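Below is one structure, written out as structure tokens; comments come after it.
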Amino acid sequence: MILKNFSATGFRNLEIKNQELSPGTNIIFGNNAQGKTNFLEAIYFCAFGRSLRARSDSELIKRNEKITHIRLETERAGMFSVLDARIELMGKKSVKSVAIDFISVKHMKDLFGRVLVVMFSPEDLRLIKAGPSERRRFMDMEICQLSPVYYSDLREYHRALKQRNALLKILQKDKSQYDGLSIWDEQLTKCGLKIMKTRSAFVKKINEIAAEIHKNITRGEETLELEYKPGISPDMFKKTIEGSHEKDIFRGTTSDGIHTDDIEFTINNISARHFGSQGQQRTAALSAKLAEIEIIRQSKNETPILLLDDVLSELDKHRQKFLFEQIKNLQTIVTCTGTEEFQIKKYKKLVMEEGKFK
Ligand SMILES: Nc1ncnc2c1ncn2[C@@H]1O[C@H](COP(=O)(O)OP(=O)(O)O)[C@@H](O)[C@H]1O
Ligand SMILES: [Mg+2]
């Protein structure tokens, strides 16, 4: 998939009209705070309907403005497509809307997978370093691009979880609705088992591919392994949550389920989260992200657009070279500040200044 042309008005500080992009490597140069990350964020927003770093959509609208509009023109297997995304302030609330080829996208699940994107930024270190919720988010975002059904199951699961937790709080004071719990146990089990199956298969696949990539990046020095660590045993799903009624009522929350899942990253059999160096953690995260490209390629028969924010300077020459070798067959948009020497000969150079390309 290729992003051919980009326009944005009022997206943070961006004012860009019909910027053409190369189907190969695009490198965006610019000083700090010029809008390089904003540019990648705008593309990411069109793919996922949300930002990676903003707490709310309204943050994305230029200060003192009421509306932002992004337009992407893409090409996928010879087919051209136009995506229009808007966020509008209505009083204190913001309303977003997306249209693909001028037809409005009604549900976010219909947006997933339309613009295939893999992003890697310094914050991705959190994938290894932070708590389990970060790794669940990784699984969820990536799988949603591949499977709209997964998104629906996930929504249903979280809706049931919310209802169950609300009921648990009521039961702390009034036990008369106790029988109502079984409906939510049933619902959590139904959706939870489907989600676990998909997550497990996803991590297994990522593991196979990432291990190979990681071996190559580290010139055979490190063995990376990813293992899905479910928060609840699939064979005992319903039994476990049914057996936790008393505990859950006492706590007012559901203790077990897929909302406590995790992925364990190990390097040479040692936990990367607890014992990995910063460099090892960064490389492990990069391997996982590069593996994702391959998974998308296999399941969608299409390459995603790779967005690399400020990561080149953190990689040594060998790793940079390996990275460019890995991504040579897909469109990549890279940001960087300096005038570093890159281990790549052919690329389109773009210079960002105060939200515009020079
Ligand atoms: N909602 C907003 N309205 C206007 N400008 C914004 C908004 N949010 C961020 N900015 C501006 O965007 C710039 C930072 O952009 P960013 O893409 O993060 O920079 P960099 O080029 O370093 O990646 C800053 O100048 C900041 O003031
Ligand atoms: Mg930046």
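For every residue, the table says whether it meets (1) in contact with a Leu (Cβ under 6 Å, 6 or more places away or on another chain); (2) free of Cβ contacts under 8 Å to residues at least 40 places away in the same chain.
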| site | (1), (2) |
| --- | --- |
| VAL105 | yes, yes |
| MET108 | no, no |
| ARG114 | no, no |
| PHE120 | yes, no |
| LEU125 | no, no |
| SER133 | no, yes |
| ILE143 | no, no |
| PRO148 | no, yes |
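Looking only at segment 315-345, residues that are hydrophobic (A, V, I, L, M, F, W, C) and under 19 Å from MET1 (Cβ atoms) come to 4 in all. Among the residues of segment 213-228, those identified as loosely packed, with under 15 Cβ neighbours inside 10 Å and without any contact (Cβ under 8 Å) to a residue 40 or more places away in the chain are GLY220, GLU221, GLU227. Hey, can you tell me all the residues within segment 229-238 that are under 27 Å from ILE128 (Cβ atoms) and either free of Cβ contacts under 8 Å to residues at least 40 places away in the same chain or not in a helix (DSSP H, G or I) (or both)? Hits for segment 229-238 are LYS229, PRO230, GLY231, ILE232, SER233.
When segment 310-325 is examined, which residues are found to be crowded, with 18+ Cβ neighbours inside 10 Å and either at pLDDT 95 or above or more than 16 Å from ligand 1 (Cβ to nearest atom) (or both)? Matches in segment 310-325: LEU315, ARG319, GLN320, PHE322, LEU323, PHE324. Go through segment 159-177 and report how many residues are in a helix (DSSP H, G or I) and touching a residue at least 40 places away in the same chain (Cβ under 8 Å). Looking only at that region, the number is 6. Residue-level check: of (1) within 15 Å of ligand 2 (Cβ to nearest atom); (2) surrounded by fewer than 21 Cβ atoms within 10 Å (Cβ to Cβ), PHE39 misses just (2).
Here segment 11-54 is the region considered, the condition is being of a type in the set (Ser, Thr, Tyr) and not in a helix (DSSP H, G or I), and the residue that is farthest from ligand 1 (Cβ to nearest atom) is SER22.
Kindly provide the set of residues from segment 333-354 that are touching a Ser or Thr at 6+ places or on another chain (Cβ under 8 Å) and surrounded by fewer than 21 Cβ atoms within 10 Å (Cβ to Cβ), ordered by number. Of everything in segment 333-354, those that are touching a Ser or Thr at 6+ places or on another chain (Cβ under 8 Å) and surrounded by fewer than 21 Cβ atoms within 10 Å (Cβ to Cβ) turn out to be CYS336, THR337, GLY338, GLU340, ILE344, LYS346, TYR347, LYS348.
Of the residues making up segment 324-345, those that are of a type in the set (Asp, Glu) and in a helix (DSSP H, G or I) number 1.
Each row is one residue, and each column tells you yes or no for (1) more than 30 Å from THR198 (Cα to Cα); (2) assigned to a loop (DSSP other than H, G, I, E, B).
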| position | (1), (2) |
| --- | --- |
| THR240 | no, no |
| PHE250 | yes, no |
| THR253 | no, yes |
| ASP256 | no, yes |
| ILE263 | no, no |
| LEU308 | no, no |
| SER313 | yes, no |
| PHE322 | yes, no |
| LYS349 | yes, no |
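Here ILE16 passes the criteria (1) more than 21 Å from the chain's Cα centre (by Cα); (2) more than 18 Å from ASP84 (Cβ to Cβ); (3) among the aliphatic types (A, V, I, L, M) except the one numbered (2).
The values are calculated or read from the model by the stated rules, or taken from the named source; none is laboratory data. No experiment lies behind these values; they were computed from the predicted model shown. Methodologically, a virtual Cβ is constructed for each residue, glycine included, from the backbone with ideal geometry; neighbour enumeration extends over all protein chains shown.
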